[in-house]
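Student: Please read through the structure below; I'll follow up with questions.
All of the numbers you see were taken from the coordinates with simple rules; none came from a lab. Just so we're clear, the structure is a prediction, and the values are computed from it rather than from any experiment. Note: ideal-geometry Cβ built from the backbone for every residue, glycine included; neighbour counts use all protein chains shown.
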Amino acid sequence: MFLNSKFSYSKSNKSYSDLLLELDSGNILSIYFYPRRREIDVIYKDGRKEKIPILYNDQLIIEKSSENNVDLTINNSRKDSSIANSTATFFLLLIFIFGFALILKSTSKIASKAFGFGKSKAKFFTIEDVNTRFDDVAGVPEAAEELKEMINFLKNPKRLNDLGAKIPKGVLLIGPPGTGKTLLAKAIAGESGVPFLSISASEFVELFVGVGASRVRDLFEKAKENSPCIIFIDEIDSIGRQRGSGIGGGNDEREQTLNQLLTQLDGFSENSGIIVLAATNRPDILDSALLRPGRFDRKIEVLLPDLKGRNKILSVHSLSKPLSDDVDLNFWASRTAGFSGADLENLMNESAIHCARNFSEKISNENIENALEKITLGLRSSNVVSNKIKKIRAYNEVGRAIVSAINNGIDSIDKITILPRSGFIGGYTKIAPDDDVISSGLISKKLLLSKIEIALAGRAAEIVVFGINEITQYAADNINYSTAIAKEMVTKYGFSIIGPVCLDQNNDEIFLGNSLLKNKSLIADKTSTIIDNQIIKISKEALANAVLKIKNNRSMLERIVEVLIDEETIDGNRFKELLSNLVKV
Ligand code: ADP
């Protein structure tokens with residue numbers, strides 16, 4: 001038998017009948033036959049090799065070969081192809097398995113991601129991380145004092161346990177943004193040397209239902225592993241709002257998360273070494289279940305700092321900053337009424353930036369002044385304006401300043417400027433807010449009426465100087481502001497002839513769902529008209545009063561306007577110098 005592949009055959013031009021003759025004549029030594037091909041390989045006795053065409057599956061050649069004793073080799077092409085087939089199948093299978101494994105891998109990744117959603121993103125501070133101390137939190141002595149007892153417990157839980165004392169599980173820190181709630185929570189962890197787990201409540205809630213709840217579980221599990229420790233949940237109102245208030249019923253993701261939080265708060269026993277601190281500036285919208293004893297049963301108010309507090313906070317944030325000798329932080333504290341701790345930190349930071357920009361070595365009063373202007377008014381705009389517009393600005397601003405000086409005293413004016421700031425059409429008169437009001441939150445009817453008068457004094461000055469037909473829309477923002485106050489006086493505080501009735505439609509209605517579902521009765525048409533009339537009356541009377549005050553001080557108005565147009569900005573002290581013989585009627 002031949003190994004056919006070892007030979008090379010030339011194409012023959014012999015015909016089929018020639019082949020038959022050659023076979024009969026005994027010239028052929030052997031034939032290589034492929035059942036599926038239409039040619040055969042022929043080896044002659046003289047050594048020639050040729051390929052000769054035949055019929056498909058030609059039986060005659062086979063018969064003739066056997067008749068003439070020609071060696072006939074049949075190529076088992078099936079076997080070949082089956083080997084080829086099986087190899088191909090094998091490779092196909094391999095590719096298939098490989099592809100399948102790839103798909104499996106990527107889907108398992110997606111699946112693990114999906115299931116991993118539940119893992120809480122809580123930022124974990126180890127003991128070394130928390131280097132905040134109570135000394136870093138200035139100006140909130142009451143809150144700090146209340147929280148200090150927690151430290152004793154976290155440091156020495158056994159002593160309180162032995163005395164049978166129960167430490168609150170949850171403490172709610174209530175106050176405006178930037179007043180130092182997070183800082184206080186960190187200070188407790190730092191002072192007692194326990195781990196601090198912090199998460200913003202909004203991070204709990206994802207698109208997928210159930211994720212928030214599993215994150216809450218995960219957070220508490222972490223806390224149990226690290227007990228004693230502090231959990232800090234910032235902006236708890238984003239999940240802790242009253243349940244059943246949405247249009248979509250009571251089963252949405254946020255509510256499930258809140259339910260889980262309540263369960264977890266109940267789940268760990270008293271004195272387990274975990275204290276949950278939560279911060280919010282909207283305690284009024286929290287679910288009552290969250291506030292009941294055993295959960296967030298202690299509430300600590302963190303208010304905006306008063307004068308002394310602002311002074312202390314400014315000192316804390318100036319510690320690492322070189323200040324000029326003439327910088328008096330008490331003066332700057334008096335100029336920053338209404339600022340939160342975060343605002344004050346920002347003020348000192350902006351001052352340092354301004355100082356660096358001027359290549360000075362120490363932060364000067366000028367740097368702080370510049371930073372204060374930037375924070376309260378925005379950036380200066382370099383628009384060049386005509387004298388007429390400067391005049392309109394000046395009359396408006398000085399008019400307001402004079403009425404403020406009459407109503408609130410000459411110290412109430414911090415600064416008057418006709419330089420526009422980005423976002424404002426005109427100048428600005430900075431009137432210092434009343435510290436008493438800031439710290440107590442109490443506003444009298446007289447104070448509100450005075451605010452409306454001051455707001456409308458710019459328009460009053462225009463009426464007095466230019467006449468009623470020449471007034472501009474410069475005072476539009478102030479009119480908006482005064483109308484809002486007048487509306488609150490009538491509908492919320494009972495400061496009008498309507499009497500002590502709450503007619504505020506939006507009162508506590510933070511959820512659209514509630515008002516839709518409850519079908520709350522609306523205010524009667526007649527009452528609405530009375531409300532509108534009262535708002536108009538208050539505003540008109542305030543404007544008339546302001547007009548009178550401006551008329552009585554007309555010459556002083558003209559004098560100060562002239563100086564303001566010339567100097568563009570005058571501060572409180574310069575204003576005091578210019579003010580003489582103020583007529584207070
Ligand atoms: P909140 O949590 O109340 O929104 P933060 O505690 O996050 O406010 O305060 C933000 C930043 O403002 C703090 O990192 C801190 O630098 C500064 N700050 C706020 N309040 C005070 C304060 N009472 N004393 C010192 N710094 C404060």
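Student: Go through segment 308-416 and name the GluC sites (Glu not before Pro) that are in a DSSP coil and have 10 or fewer other Cβ atoms within 10 Å of their Cβ.
Tutor: On the way: sites: E345, E350, E361, E366, E369, E373, E397; in loops: E361.
Here the GluC sites (Glu not before Pro) that fit, given the DSSP loop and packing criteria, are E361.
Student: Under a point-charge model restricted to the Cβ atoms of Lys and Arg (+1) and Asp and Glu (-1), what is the dipole moment magnitude of segment 387-578 relative to its Cα centre, in debye to the nearest 20?
Tutor: Working: 25 positive and 24 negative charges, 87 e Å.
Here the size comes out at about 420 debye.
Student: Once amide H atoms are placed 1.01 Å from N in the peptide plane, what residues at a sequence separation of 5 or more from K299, or on another chain, have their amide H within under 5 Å of its amide H?
Tutor: For K299, the qualifying residues are L172.
Student: Taking segment 123-301 as the region of interest, what is the percent of Cα-Cα pairs per 5 angstrom bin, listed from the shortest bin to the one with the maximum distance?
Tutor: Taking all Cα pairs of segment 123-301, the binned fractions are 1, 9, 18, 22, 21, 15, 8, 4, 2, 0 percent.
Student: Hey, how much of the P(r) for segment 387-578 falls beyond 24 Å, as a percent of Cα pairs?
Tutor: 45 percent
Student: Taking the Cα atoms of segment 3-76 alone, what are Rg (to one decimal) and Dmax (as a whole number) in Å?
Tutor: Expressed in Å, the Cα Rg and Dmax of segment 3-76 come to 10.9, 28.
Student: Obtain the nm distance between the two label points defined at K148 and E488 by a simple spin-label model: each point lies 7 Å from its Cα along the Cα-to-C-beta direction.
Tutor: About 3.5 nm, to one decimal.
Student: Let me check against my output: what whole-number percent is the relative contact order of segment 415-502, with C-alpha pairs under 8 Å and at least 6 apart?
Tutor: 19 percent
Student: So which lysines can K169 reach, going by Cα to Cα under 24 Å and dropping same-chain residues fewer than 8 places off?
Tutor: Straight-line reach from K169, under 24 Å: K119, K121, K123, K148, K155, K158, K181, K186, K222, K224, K299.
Student: Relative contact order of segment 123-301: what whole-number percent is it, with Cα pairs under 8 angstrom and at least 6 residues apart?
Tutor: 34 percent
Student: If N is the number of residues in segment 146-203, what value comes out of its Cα radius of gyration divided by 2.2 N^0.38 Å?
Tutor: 1.26
Student: Figure the gain on full extension for L582 and E470 (residue separation times 0.36 nm, minus the Cα-Cα span) and round it to one decimal in nm.
Tutor: 37.7 nm
Student: Also: If r is the Cβ-Cβ distance from S12 to E63 and R0 is 25 Å, what FRET efficiency results, to the nearest 0.05?
Tutor: After rounding, the FRET efficiency stands at 0.75.
Student: Same structure, new question: Skipping prolines and chain starts, which residues have an amide H placed within reach, meaning under 5 Å, of the one on I274, given they are 5 or more residues away or on another chain?
Tutor: Close amide H contacts, sequence-distant or interchain: C229.
Student: Among I418, N396, A542, whose Cα projects farthest towards the positive end of the dipole of segment 387-578, with charges put on the beta-carbon of Lys, Arg (+1) and Asp, Glu (-1)?
Tutor: Among I418, N396, A542, the one farthest towards the positive end of the dipole of segment 387-578 is A542.
Student: Once segment 448-488 is represented by equal point scatterers at the alpha-carbon sites, with solvent omitted, what log10 I(q)/I(0) does the Debye formula produce at q = 0.13, 0.14 Å⁻¹?
Tutor: For segment 448-488 at q = 0.13, 0.14 Å⁻¹, log10 I(q)/I(0) is -0.26, -0.30.
Student: Normalising by the residue count of segment 307-377, find the relative contact order in percent from Cα pairs under 8 Å and 6+ residues apart. Before the final figure, lay out each step's value.
Tutor: Working: 69 pairs, mean separation 25.9, N = 71.
Relative CO of segment 307-377 lands at 36 percent.
Student: Pull out the extension gain between D436 and I498, defined as 0.36 nm times the separation in residues minus the alpha carbon to alpha carbon distance; nm, one decimal. Could you put the intermediate results ahead of the total?
Tutor: Values: separation 62, 0.36 × 62 = 22.32 nm, distance 2.83 nm.
Full extension of this stretch gives 19.5 nm more.
Student: Let me ask something else. Each residue of segment 551-557 in turn: what ³J(HN,Hα) in whole Hz from Karplus with 6.51, -1.76, 1.60 and θ = phi - 60°, glycine and Pro shown as x?
Tutor: 4, 5, 10, 4, 5, 5, 4
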